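These notes are about the structure you will find just below.
What follows is calculated from the coordinates using simple rules that are stated; it is not laboratory data. Treat the numbers as computed from the prediction; the structure is a model and nothing was measured. Cβ sites come from the backbone with ideal geometry, for glycine too, and all protein chains shown count toward neighbours.
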Amino acid sequence: MERISHMTWTGDASGAAAGVSLMREYLRRSAVWAEALHDKEHWRFIDLPKRLAPGLALDSATAAKLHEIMDRHHLTSLVRQLCDMALRWSLIVDRPETKAFGLPDPYEPLLQFFEAHGAFTVEHGFIDLDGAALPIRTWAENAAAPIQAQVSP
C-alpha cells in the first residue's frame, strides 16, 4: 500500500520507451502466468490472487485507503482493479503454493509503470500509455516474447 499511496499518477512522456517496455513486460508475465494456470481467456488482466487464493480480500482499512487514493486521482476501474490485485498478490507472493510456480512477480512491472508513468487506458485493442499506443497482441505472442524490461522489486 505504501508504494501506491506515494504514486503521483501523472505521466512523463519523456520516458515513453521505458513505459512501453514495462507494459510489454507486464503483458508477457501475465500471459506466462495465464498459461501456467490454463486460463488463456483472461490473460491480459488476470486476477491471479483470485485464482490462487479464492476468497482472499484486503482488510477493510487497506481497501478504504485504496478506494480513497483511486477516487482522489480519478483512476479508471481497470487501474483500480489492477492495484487491488497487486495488493492482494503481496499477501500471497511468499506462500509455498505461489512460489511453486517458479514464475516472476506478475504485477511488479505494472507497479513500476504506475510509479514512473501514471495510469493508462485500453481502447480498440491498444493500451494508451499517455500518447504511446501499444498494441496488445495475442496471448501466444506475449507468452513467447523475450523479457521486455529488467524489473527488480
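Counting alpha carbon pairs within less than 8 Å and at least 6 residues apart, what relative contact order, in whole percent, applies to the chain? Intermediate values should be presented prior to the final figure.
Details: 166 pairs, mean separation 66.6, N = 153.
So the answer I get is 44 percent.
So what's the convex hull volume per residue for the Cα atoms of the chain, in Å³? Spell out each step's value before the answer.
On the way: hull volume 17.2 nm³, N = 153.
For the chain, the hull spanned by Cα atoms encloses 112 Å³ per residue.
Given 10 Å bins starting at zero, what is the percent of C-alpha pairs of the stretch 13-69 in each, up to the one with the largest pair distance?
21, 30, 36, 13, 0
Put +1 on the Cβ of each Lys and Arg and -1 on the Cβ of each Asp and Glu in the chain; which of Y107, A17, T138 then has its Cα farthest toward the positive end of the dipole?
About the Cα centre, the residue reaching furthest to the positive side is T138.
Give me the net charge for the shell around R24: Cβ to Cβ below 14 angstrom, other residues only, Lys and Arg +1, Asp and Glu -1. Walk me through the intermediate numbers first.
Working: positive: R28, R29, R44, R137; negative: E25, E108, E141.
Surrounding charge for R24 is +1.
Please rank F120, F126, fewest neighbouring Cβ atoms within 10 Å first, as an exposure proxy. Show your work: numbers first, answer last.
On the way: F120 21, F126 13.
With the sparsest Cβ surroundings first, the list reads F126, F120.
Reachable aspartates and glutamates from K50, Cα under 18 Å, same-chain residues fewer than 8 places away excluded?
E35, D39, E41, D59, D84, D94, E97, D105, E108
For the stretch 100-153 and the stretch 1-53, compute the distance between their C-alpha centroids and round to whole Å.
Here the answer is 5 Å between Cα centres.
Exposure proxy check: S30, S21 ranked by fewest other beta carbons within 10 Å? Before the final figure, lay out the partial values.
On the way: S30 23, S21 20.
Placing the least packed residue first, the sequence is S21, S30.
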